[in-house]
Structure formats: structure tokens, C-alpha cells
Amino acid sequence: MSHNSDITVRYLNQSRELYGNKIFLDSQTVNVPVPNTKTLESFNKSIRECLKCELGNTRTNFVFGVGNPHAKIVFVGEAPGEKEDLKGEPFVGRAGQLLDKILAAIDLTREDIYICNVIKCRPPQNRDPLPSEVELCEPYLKTQLALINPTLIVALGRIAACTILKTKEPLKDLRNKIFKYEGIDLLVTYHPAALLRNPNFKKPTWEDFQMIRDQYLAD
Ligand code: SF4
């Protein structure tokens, strides 16, 4: 079987698994409700062969998300980078290690929180996700959030925040505000990779995490 027919068969099998024996044209797959699913694990299994957009053909690994399925706080980044794509896990590498340190400073570990991205497959050369890719992939994030039912979502970085909030405002104007996404409180802070590039972002990020601790983790 040729590579292209192999991809087509995978796509059709997946569409059938997700939506039944009805084939949707591309424009009609947008906003199709995601399938009923009971757990994060079963949801992960049902979408991990996804080929709804081109990123499915260039990824090494699908990056679903990791952490506590009953977390109070869900951290959401933009999309997997090179290391995440290779490992199949979000926020690995130096930025991930820095995130772990920041979490530890407010007495949290990765086992306490859940972490994922808006887009589940790596955009080539880490380019920004296309609006069409966001439209196709974002329903998966919404289902993850519905299954976890957190108290707070923290958007990490400008692209994640702007993608979720459908805005073009600079990150500094999005901080210190409580937004709503899927009925859940949402805060915006810097991506840990930005802190590695510019240490001036450490102070405002620490202020954001102190606010998270004081407003969302106090008993
Ligand atoms: S990025 Fe999202 S919509 Fe595109 S193939 Fe990956 S999982 Fe599917």
C-alpha cells in the first residue's frame, strides 16, 4: 500500500471510530462534537492516531498531556516542541525543568497538576499553529478540560493565551486578569522558555504563581 493510501485508510478508520459511518468533508469536521468518552485514558486512545490536520503527518509522537486526571489546575501551552515531539510528553527539556522548579516553589509537583497543549502535534520548525489547525485540535483540549473539571486553567505564554482567548493583545496586558474558558477561570503567565531567554520575566512570573497559590490553593 502506498504511503498516501495508508494515510487515507488511517484517516477513514479514525473518522469512523470517532464519528460513526459518516464521512465528513473537511469544512464539516470543524466543530463536530468530540466523542463521548469516560476517562482521559480512553479519550487519549481514541484520538492518538488523529490525522485531521497536516501536523499528524509530520509528528514523531502525538502529545496528549500528563498529570493528575483530577487536578485542580491545568497548565496549557501552545504546542509540542522538538523534545516533546520526540518523547510524546509535554514540557520536557530545560523549560520543563524550570516549570517543575516554579511549581515546587508553591508546593506543587507534576503529580498535583495536569499539563497539556492546545495543539497535540508539533508544528514543523516550531512555527505558530495555523488557525485551521487550532480549529481542528482545540475541541480535544475542551474535552480534556471537561473530563478533568479543574478550578483553574493557566495559559503558558502569549501564543497559548492568544489562541485560547482569541485575542492579539500582548501578554503583559493579559496578566493579572481572570478570564473564563469553558466556564473555568483562566490566568495567563509567561512560558518557562521565555524565562530562560529573558530573566526579567522571572519576577512577574513569580508574582503570578504566588497569586495562583494564594487564590486557588489556599484551603
Ligand atoms: S494537531 Fe490535533 S488535529 Fe492535527 S493531527 Fe494532531 S491531534 Fe489531529
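Ranked by the mean number of other Cβ atoms within 10 Å of their residues, highest first, the peptides 73-81, 177-185, 147-155 fall in the order 73-81, 147-155, 177-185.
For the pair Ala146 and Ala104, a Förster radius of 22 Å applied to the C-beta separation gives a FRET efficiency near 0.15, rounded to the nearest 0.05. For the residue pairs Lys45/Lys202; Lys72/Lys180; Lys38/Lys166, alpha carbon separations beyond 26 Å are given by Lys45/Lys202; Lys38/Lys166. Given the pairs Lys142/Lys203; Lys83/Lys120; Lys142/Lys172; Lys87/Lys120, which are separated by over 21 angstrom at their Cα positions? Checking Cα-Cα distances, Lys142/Lys203; Lys142/Lys172 exceed 21 Å. Once the 1.4 Å probe is applied to the protein heavy atoms, region 91-169 comes out at 42 Å² accessible per residue. Annotation: Arg59 carries an accessible surface of approximately 30 Å², with a 1.4 Å probe and no ligand, DNA or RNA atoms counted.
Ranked from largest to smallest solvent-accessible area, with a 1.4 Å probe on the protein heavy atoms, His70, His191 come out as His70, His191.
Accessible area per residue was computed with a 1.4 Å probe on protein heavy atoms; Lys202 scores about 110 Å².
The values are calculated or read from the model by the stated rules, or taken from the named source; none is laboratory data. Predicted, not measured: the structure shown is a model, and the values here were computed from it. Reconstructed Cβ throughout: ideal geometry from the backbone, glycine too, with neighbour counts over all protein chains shown. For accessibility, only protein heavy atoms count, side chains too; no ligands or nucleic acids. Shrake-Rupley method; radii C 1.70, N 1.55, O 1.52, S 1.80 Å.
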